[in-house]
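Everything on this sheet refers to the single structure shown next.
Only the coordinates and a few stated rules stand behind these numbers; no lab work does. On a predicted model such as this, the values are computed, not experimentally measured, just so you know. We place every Cβ from the backbone using ideal geometry, glycine too, and count neighbours over all the protein chains shown.
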């Protein structure tokens, strides 16, 4: 995933690379993802969230739908 | 030592060395740190890869390409924290370095289209407000199909 100044530069990047426009997230949502994934990474307890846990984390910060579902088979790349 | 205990020991050593030095260690570095055979460390790297906790270099199992959120090679996502320069794998991981270290951080990033410099900052456990956005090109179900691209 990449960082952009604005939605406008996202759209220009998608057009230049012929990649479909996908969901955008703001910096507060990005920080929440970082904390959920990595805050305990230097500890014995650290582990990657499982699929259902991922859905729950995404849902808690407003990221819903099949794009954010690691078990979705809807997306053909 | 049971492989699970060994894997935990290796994982902790990888992250401890990275946090302390800013550099993701090799199997030799880890073997020296925890005093076990380097072959056992390389085997643990492989099992940690299967658990999606590490990504070894494709052609060199002694080196780590990604110990998320840290990158084993210089990347477009440097993170300045604790007086060191770390490298992250993507913008999510750049914030992840600050979250993992529980430290303030400055992240000299850039716009994915124009290359314009965009600085991110984490202060007192929160991101400094900016109107920037992150774009996820790959759906969650496919993140690990090609994790280096994702």
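Give me the inter-chain shielding for B:88-101: mean count of other chain Cβ atoms within 10 Å, whole number please.
Numbers: counts 2, 1, 3, 8, 9, 5, 3, 9, 10, 3, 5, 11, 10, 4.
Average neighbour count from other chains, rounded to a whole number: 6.
From the helices alone, meaning DSSP H stretches of at least four residues, give me the mean residue ellipticity at 222 nm for the protein assembly as shown, per-run term -39500 (n - 2.57), in deg cm²/dmol to the nearest 500.
When only DSSP H runs of four or more count, the value is -11500 deg cm²/dmol.
Compute the angle between helix A:27-38 and the longest alpha-carbon principal axis of chain A, please, reported from 0 to 90 degrees and rounded to the nearest 10.
Once rounded, one gets 40 degrees.
Just subtract the alpha-carbon distance of residue A:52 and residue A:72 from 0.36 nm times their residue separation and send over the number in nm, one decimal. Show your work: numbers first, answer last.
Values: separation 20, 0.36 × 20 = 7.20 nm, distance 1.15 nm.
So the extension gain works out to 6.1 nm.
Any idea what angle helix B:38-50 forms with the longest principal axis of chain B, computed on alpha-carbon atoms, 0 to 90 degrees, nearest 10?
For B:38-50 against chain B, the angle is about 50 degrees.
By its C-alpha gyration tensor, with a ≥ b ≥ c as the square roots of the eigenvalues, how is region A:24-77 shaped: rounded for a/c under 1.5, else prolate for a/b larger than b/c, else oblate?
Because a/c hits 1.5 or more and a/b fails to exceed b/c, region A:24-77 counts as oblate.
How many times 2.2 N^0.38 Å is the alpha carbon radius of gyration of region B:3-67?
Region B:3-67 yields a ratio of 0.95.
At 7 Å along the Cα-to-beta-carbon direction for both residue A:15 and residue B:59, put a label point, then send me their distance in nm to one decimal.
3.9
Let me confirm one metric for peptide B:122-134, namely the mean number of other chain beta-carbon atoms within 10 Å of its residues' beta-carbons.
5
Output the 0 to 90 degree angle, nearest 10, between the alpha-carbon long axis of helix B:91-101 and the longest principal axis computed from the alpha carbons of chain B.
60
Once you have all Cα-Cα distances for region B:77-127, histogram them in 5 Å bins from zero and send the whole-percent values.
Using 5 Å bins, I get a P(r) of 5, 24, 35, 23, 9, 4, 0 for region B:77-127.
For A:41-53, what's the mean count of beta carbons from other chains sitting within 10 Å of each residue's beta carbon? Walk me through the intermediate numbers first.
Numbers: counts 14, 10, 3, 4, 1, 6, 4, 5, 0, 0, 2, 0, 0.
Per residue, the average neighbour count from other chains is 4.
Full-extension gain between residue B:21 and residue B:35, please, as 0.36 nm times their residue separation minus the C-alpha to C-alpha distance.
Between residue B:21 and residue B:35, full extension yields 3.2 nm more.
Under 1.5 on a/c is rounded, so check that first for the protein assembly as shown, then, if it is not, pick prolate when a/b is larger than b/c and oblate when it is not; a ≥ b ≥ c are the square roots of the alpha carbon gyration tensor eigenvalues.
The shape class here is prolate.
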